[in-house]
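The values are calculated or read from the model by the stated rules, or taken from the named source; none is laboratory data. What you see is a predicted model; the values in this text were computed from it and never measured. Virtual Cβ from ideal backbone geometry, glycine too; neighbours counted across all protein chains shown.
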Amino acid sequence: MSGKFGLGNYSSRKHISISVPSSTEVMSPHIKSVEELRVLGINLNSFNTPTQFFICVAGVFLFYLIYGYLQELIFSVEGFKPFGWYLTLVQFGLYSLFGLVELQLTQDKRRRIPCKTYMIIAFLTVGTMGLSNTSLGYLNYPTQVIFKCCKLIPVMIGGVFIQGKRYNVPDVSAALCMSLGLIWFTLADSKIAPNFNVTGVILISLALCADAAIGNVQEKAMKLHNGTNSEMVLYSYSIGFVYILLGLLSVGGLGPAVSFCSQHPVTTYGYAFLFSLTGYFGISFVLALIKLFGALVAVTVTTGRKAMTIVLSFLFFSKPFTFQYVWGGLLVVFGIFLNVYSKNRDKMKLPSLADLRKRVLSGRKVRLLSQDV
């Protein structure tokens, strides 16, 4: 009977031993932190992929829309425009404090990503946020935001060189459509906006270059070392805080900024706290998007958020308007659709040119037959 069921040569087979830990053995905090991706106390791993994406997108839109409103509100304070770097210093300090508090609430407090990597990420973060904040002293807020949307192409280029990625035709087409729409928007703004300044264009362009690299560097570091969001925020922004502080001390820009803000504490430090709090919550969801879906998807979502921010900026703050903004915005929306389609082509099967040709020919045949009858 043993031969019938193939048990005769049982002893010659290889064995696989599976050990089950006892109730006294506890899984290491490192393993728990890898299995559980938490954002603001929400365990995203307990949801399916579409729900994870919806939660991350909702968090990005909610907090960053408030963030954008407060940012423009701060720079609308008379006399504040020259102090963009000081606002970035305050923002980095608060981000570091928030990250420290969140990290203390987690079980695993170890730093996994090397300090050298964090120094690079901090430098890029200082570049993208500091130059972006400073550019608002020279540009209208919608123009600054629309420039930042252009980082889709640099992110793709950075993905090729940093991570060796390859992108398909829909991704490239999406980037081209978005860029053409943004160029159209910028040209319209240069004609009618009173605050348009070439210095602001240079500043936001440099911020764009740093922003293009940071998403890919963060994605690679978090996947390679299994770093947590709170760890990434704490170390990158605390090191960046030191960078900005040394820079302001070297050029003598700290004293005038502190003097001005001390005279207007509510409209500067008060708004800056809320601005930093919503930005911190927003960056937590962006980092979750990067870790779960990649840098390109995160950029696409944040680009859509920026388009909504522009609409709200025109509604809440008075500024010149032209319909060229609308046409440029539609091109950007079409580019976003192409990018989403490229990521979900299996679920969103659009007819090919050959299929459309067959449908047209079959429709003609039906009409001819109906006429003959």
Quick check on region 210-244: of everything there that is within 17 Å of SER132 (Cα to Cα) and at pLDDT 85 or above, which residue is surrounded by the fewest Cβ atoms within 10 Å (Cβ to Cβ)?
TYR243
Does region 194-201 contain any residue that is of a type in the set (A, V, I, L, M), over 22 Å from VAL301 (Cα atoms) and modelled with pLDDT of 70 or more?
yes
Need pairs with beta-carbon distance below 7 Å; first residue under 18 Å from MET232 (Cα atoms) and assigned to a loop (DSSP other than H, G, I, E, B) and within region 39-50, second modelled with pLDDT of 80 or more and among the aromatic types (Phe, Trp, Tyr); sequence gap 6+ or separate chains.
LEU40/PHE281
Under 7 Å by Cβ, and 6 or more places apart or on different chains, what pairs join a residue from region 218-229 that is within 14 Å of VAL297 (Cβ to Cβ) with one that is among the small types (Gly, Ala, Ser)?
GLU219/GLY294; GLU219/ALA295
Taking region 137-149, which residues are surrounded by 23 or more Cβ atoms within 10 Å (Cβ to Cβ) and within 17 Å of the chain's Cα centre (by Cα)?
GLN144, VAL145, ILE146, PHE147, CYS149
Hits in region 106-136 (condition: crowded, with 23+ Cβ neighbours inside 10 Å and in a loop (DSSP other than H, G, I, E, B))
LEU136
Over region 53-69, the set of residues within 13 Å of ALA272 (Cα to Cα) and modelled with pLDDT of 90 or more is ILE66
Would you check which residues across region 74-85 are more than 13 Å from SER276 (Cα to Cα) and in a helix (DSSP H, G or I) and list them?
PHE75, LYS81, PRO82, PHE83, GLY84, TRP85
Pairs, please: C-beta under 7 Å, at least 6 apart or cross-chain, first residue over 22 Å from LYS220 (Cβ atoms) and of a type in the set (Ser, Thr, Tyr) and in region 142-160, second at pLDDT 70 or above and crowded, with 21+ Cβ neighbours inside 10 Å?
none
